[in-house]
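The values are calculated or read from the model by the stated rules, or taken from the named source; none is laboratory data. Computed from a predicted model, the values in this text were never measured in an experiment. Using ideal geometry, Cβ is built from the backbone for each residue, glycine included, and neighbour counts are taken over all protein chains shown. Note: areas computed on protein heavy atoms with side chains; ligands, DNA, RNA excluded. Shrake-Rupley method; radii C 1.70, N 1.55, O 1.52, S 1.80 Å.
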Amino acid sequence: MKRRNRFIVLAGALFCVFVMLLLAETYVIKVQSTHLKKEPKFFAQTVAVLKNGDRVEKIGAETGWLKVRTMNNLIGWIHPSAVRTIKINLLAMNQPVKSQTSADEIALAGKGFNKQVEESFKARNKEISFVWVDRMLKIKVSTNEILAFLKKGKLGEYGGAK
Amino acid sequence: MRNSGSILKISFVCILVFSMMSCSIMEQGAGVLSEAGLVKKDDTQSIVKTSKALRKGFGEITEEEEYYIGRAVAAVILSRYPVYENNSLTKYVNTLGSAIIVHSDRPETYAGYHFLILDSDEINAMAAPSGFIFITKGLLKRCRDEEMLAAVLAHEIGHVYAKHGLKSIKKSRLVDTFKLIGQEAVGRYGPQELAQLTGIFEEVLGDVVDTLVERGYDRKYEYEADRLSVHYTVKTGYNPGGLSDFLGVMAAEAGGDSTGGWFKTHPSAKDRLKSVEKEILSITDIPARHAARTNRFKRAVKGIK
């Protein structure tokens, strides 16, 4: 009887945790790093830099952007392509797997094809060099450089006639 | 007594339903209970283990895995083509690419997008997963203005967004990988698992490289990337006619001496041209061309040999 009661408490607690998490709408950063922006646009001021695995809570949305609160209580905007949802979507239960929460980014972080596999691949394929791949990754274009490029090229809002 | 039995059953059903809905939620829930001392640590691991279903298709390749596939595919491409080392031109191509990326559907990838010019007279452009994009010197020479180059880069960005490279991986390889990973509790592998996983990794790279360099994507993916190119360039502020111009050049060159690269891996430029022009007609607000762009393009490619 005592054991059974303990189990009821346990089941109830689990259920509460699930419901709380369901309501929270938590996202996890799936890219190496992303900028939390003050406004829902790329050229807005950066509030903070978020790292892979950081969790944020959705508090709003606007055309193509998510308004979130970080674990440090900072509020700002991020692009949806930088995050993976870990929320259950009840309405999407009958939809294809693609639109559902499927692979668990946290549990799978660092698993599968990772640095260790790359090192092993390099050892087996010595003729394939990663030197230029690493150099390629060092090519950076800043937000200011993109803005100047758009402006000088009369692109987007800097353009004239349509 | 009867009541507690019913509660127990209801609780069980609730847990089952929720655990079926999301493995990650299960893991979080079990973790919280473990921290609160309600469940033993061993039990937590067992709950998590049994709740974790195997991943199934390419759509479930994580962002990080896509990055490692993309890195290795890029390395294989770079083992076949030398790099055209021209810092100012490489910077120009990367800045133009970045301007389009921020207007695309997938501005963020694991380590961002990066562009490199290949020292080859072959006309070609390739996008490795996660945003490693290559264009040949031969292709650059065929572009007359920034509009044309923007269209080509936007087409490649479209392939990355739609994960066309990953879609070329044979499903059996993913099934094998996910099975192997599913048995492992940590991200560090023993010698046997590592050898197995590296073998599958090599096959995965073979599928993607073969598609990018030899066979080409499925025709429908090329048409999709063209459609995305039209929309990304317009959103950035370019005249979408750049893609029509580029395909026009390709159509004119088809059947001539050029047979490799683009001609080997892409469907007929003439057919694509028709579909692109139809797509452009659906756009109401088309940005005008501007001499400032053509001038800077000509300055950037000046001296290219």
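If R0 is 35 Å, what FRET efficiency do you get for A:THR143 and B:LYS270 from their C-beta distance, rounded to 0.05? So, using R0 = 35 Å, E works out to roughly 0.30.
Taking the inverse of the mean 1/r over every pair of distinct Cα atoms in segment B:168-284 gives a Kirkwood hydrodynamic radius of 17.2 Å.
Rounded to the nearest 100, the interface formed by chains B and A buries 7900 square angstrom of accessible surface, both chains summed, with a 1.4 Å probe. Taking 7 Å steps out from each Cα toward its Cβ at B:LYS235 and A:ARG69 produces label points 3.0 nm apart. Here the label points at A:THR46 and B:ASP285, each 7 Å from Cα along the C-beta direction, are separated by 3.0 nm in the simple model. Only aspartates and glutamates eight or more places from A:LYS140 in sequence, or on another chain, were considered; those with a Cα closer than 17 Å are B:GLU85, B:GLU108.
Suppose every Lys and Arg Cβ carries +1 and every Asp and Glu Cβ carries -1, with no other charges. What dipole size does segment B:175-305 come out with about its Cα centre, to the nearest 20 debye? Could the numbers behind the result be given before it?
On the way: 19 positive and 19 negative charges, 211 e Å.
Taking the Cα centre of segment B:175-305 as origin, the dipole is about 1020 debye.
What accessible area per residue comes out for segment B:97-144, rounded to a whole number of Å², with a 1.4 Å probe?
On the way: 950 Å² over 48 residues.
Value for segment B:97-144: 20 Å² per residue.
For the residue pairs A:LYS67/B:LYS167; B:LYS91/B:LYS305; A:LYS41/B:LYS298; A:LYS30/B:LYS235; A:LYS51/A:LYS151, the C-alpha atoms sit more than 22 angstrom apart in A:LYS67/B:LYS167; A:LYS41/B:LYS298; A:LYS30/B:LYS235; A:LYS51/A:LYS151. Spin-label model, B:VAL83 to A:LYS122: label points 7 Å out along the Cα-to-beta-carbon direction sit 1.5 nm apart.
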